[in-house]
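These notes concern the structure reproduced below.
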Amino acid sequence: MGKIILTGDRPTGRLHLGHYVGSLRRRVELQNSGLFEKIFIMIADAQALTDNADNPDKVRKNIIEVALDYLSVGIDPTKSTIFIQSQVAELCELAFYYMNLVTVSRLQRNPTVKTEIQMRNFETSIPVGFFTYPISQASDITAFRATTVPVGEDQLPMIEQTREIVRRFNSIYGGDLVEPEVLLPTNAACLRLPGTDGKAKMSKSLGNCIYLSDTSEEVRQRVMSMYTDPDHLRVQDPGKVEGNTVFTYLDAFCKPEHFEAYLPEYPNLDELKSHYKRGGLGDVKVKKFLIAILEEELAPIRARRKEWEQDIPGVYRLLKEGSDRAREVAAQTLADVRRAMRINYFEDAELIAEQARKFRGE
Ligand code: TRP
């Protein structure tokens with residue numbers, strides 16, 4: 001059996017560099033590697049509604065933003081199926097059955113859900129849908145028989161939970177659901193790209209993001225005001241590179257050839273870091289280097305976005321076609337699940353015959 005990818009994002013805003021190095025960039029590589037039989041990329045609007053019930057308009061409007069971000073980074077709709085979660089109703093039915101396989105205390109232990117509950121001040125009034133979204137995520141993954149889920153580190157508990165559900169389902173019902181594997185970034189800087197303020201990860205509410213769709217001028221300003229080493233006041237002072245956002249971003253984005261192109265007086269990143277640590281290297285020079293690198297990476301993404309923006313109805317058509325295709329696949333898995341659970345009564349001629357015999361008194 002070939003390998004299958006399923007992954008996705010909540011449409012609550014445009015996608016940023018954290019998404020890019022944490023997952024998007026990898027998806028495109030995997031897509032183009034030819035190693036996967038099928039690739040499904042889901043815009044998780046139903047999941048976004050679990051904590052935005054009062055703001056459906058935000059979710060609705062960001063679907064197209066996320067779709068444009070996907071297309072602009074190089075997700076190719078002829079190779080990957082891009083679809084909208086809410087348009088695949090089968091996912092809800094699967095989740096409904098999986099709910100019986102998970103305890104409340106298990107959900108309460110999910111570390112990502114825990115932090116999200118705190119961040120949203122949900123402690124006293126957690127929406128049930130939000131609380132159970134890890135179960136719905138298990139449906140997303142298993143409906144497509146995904147073997148591989150490329151996501152950021154924060155999604156690890158979700159995949160763990162999915163694997164538990166799969167094992168339980170298969171052992172109780174003798175099903176053949178697939179236990180997925182997570183694919184995390186291998187580089188520590190990509191695993192957890194900080195916001196431009198150096199604090200937490202990038203998040204829209206903290207205003208510390210660089211978006212894929214930002215203009216070069218916006219990117220330049222963001223980098224110029226980036227958090228570095230607060231004790232590195234004068235150029236000649238020794239500086240710290242640990243916890244220095246500019247260097248963390250270089251760890252995530254810099255390739256050897258960038259030195260030749262933009263900073264030929266240094267052979268590599270290690271040498272640049274040593275100079276900074278010794279003293280004598282100013283923040284502005286390092287920031288300008290980072291701006292050049294980001295510009296090289298983002299310019300083609302921006303250009304592709306501009307093109308797709310000219311054909312928004314076409315993008316919606318593409319999402320509809322993807323959703324229709326996704327629905328067929330999910331419906332097949334749902335039929336298998338119902339069969340395994342023996343709730344496919346009308347297909348079960350043996351059941352009907354047996355009951356008939358019983359009531360005839362045979
Ligand atoms: N939880 C993911 C996020 O917040 C989005 C998502 C929903 C997802 N269903 C998924 C990711 C299934 C991977 C697989 O970004």
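Residues of segment 164-174 that are over 30 Å from D54 (Cβ atoms) and buried (at least 23 other Cβ atoms within 10 Å of the Cβ): F169 alone. Among the residues of segment 310-333, some residue qualifies, meaning at least one is in contact with a strand residue (DSSP E or B) (Cβ under 7 Å, 6 or more places away or on another chain), part of a helix (DSSP H, G or I) and open to solvent by 100 Å² or more (accessible area, probe 1.4 Å). Return a yes/no flag: does segment 18-40 have any residue that is open to solvent by 60 Å² or more (accessible area, probe 1.4 Å) and part of a loop (DSSP other than H, G, I, E, B). Among the residues of segment 18-40, at least one is open to solvent by 60 Å² or more (accessible area, probe 1.4 Å) and part of a loop (DSSP other than H, G, I, E, B), which makes the answer yes. Can E257 be described as of a type in the set (D, E, K, R) and part of a helix (DSSP H, G or I)? The answer is yes for E257.
For segment 98-106, the count of residues that are more than 26 Å from Y20 (Cβ to Cβ) and buried (at least 20 other Cβ atoms within 10 Å of the Cβ) is nonzero. Based on this model, can you work out whether Q161 counts as within 14 Å of the ligand (Cβ to nearest atom) and either open to solvent by 20 Å² or more (accessible area, probe 1.4 Å) or part of a loop (DSSP other than H, G, I, E, B) (or both)? Criteria not met by Q161.
Given the structure, is N187 under 19 Å from the mean Cα position of the chain (by Cα) and assigned by TED's automatic domain parsing to the domain that holds G13? Spelling it out, N187 is indeed under 19 Å from the mean Cα position of the chain (by Cα) and assigned by TED's automatic domain parsing to the domain that holds G13.
For (1) within 11 Å of the ligand (Cβ to nearest atom); (2) of a type outside the set (S, T, Y); (3) closer than 19 Å to A95 by Cα; (4) surrounded by fewer than 23 Cβ atoms within 10 Å (Cβ to Cβ), each residue gets a yes or a no:
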residue: M119; (1), (2), (3), (4): no, yes, no, yes
residue: S125; (1), (2), (3), (4): no, no, no, yes
residue: F130; (1), (2), (3), (4): no, yes, yes, yes
residue: P134; (1), (2), (3), (4): yes, yes, yes, no
residue: D140; (1), (2), (3), (4): yes, yes, yes, no
residue: A143; (1), (2), (3), (4): yes, yes, yes, no
residue: V149; (1), (2), (3), (4): yes, yes, yes, no
residue: D154; (1), (2), (3), (4): yes, yes, no, yes
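Kindly indicate whether E93 is assigned by TED's automatic domain parsing to the domain that holds E29, open to solvent by 30 Å² or more (accessible area, probe 1.4 Å) and touching a residue at least 60 places away in the same chain (Cβ under 8 Å). In short, yes.
The values are calculated or read from the model by the stated rules, or taken from the named source; none is laboratory data. Computed from a predicted structure; not experimentally measured. Methodologically, a virtual Cβ is constructed for each residue, glycine included, from the backbone with ideal geometry; neighbour enumeration extends over all protein chains shown. For the accessible areas, the whole protein counts, side chains as well, though only heavy atoms, and no ligand, DNA or RNA atoms are used. Shrake-Rupley method; radii C 1.70, N 1.55, O 1.52, S 1.80 Å.
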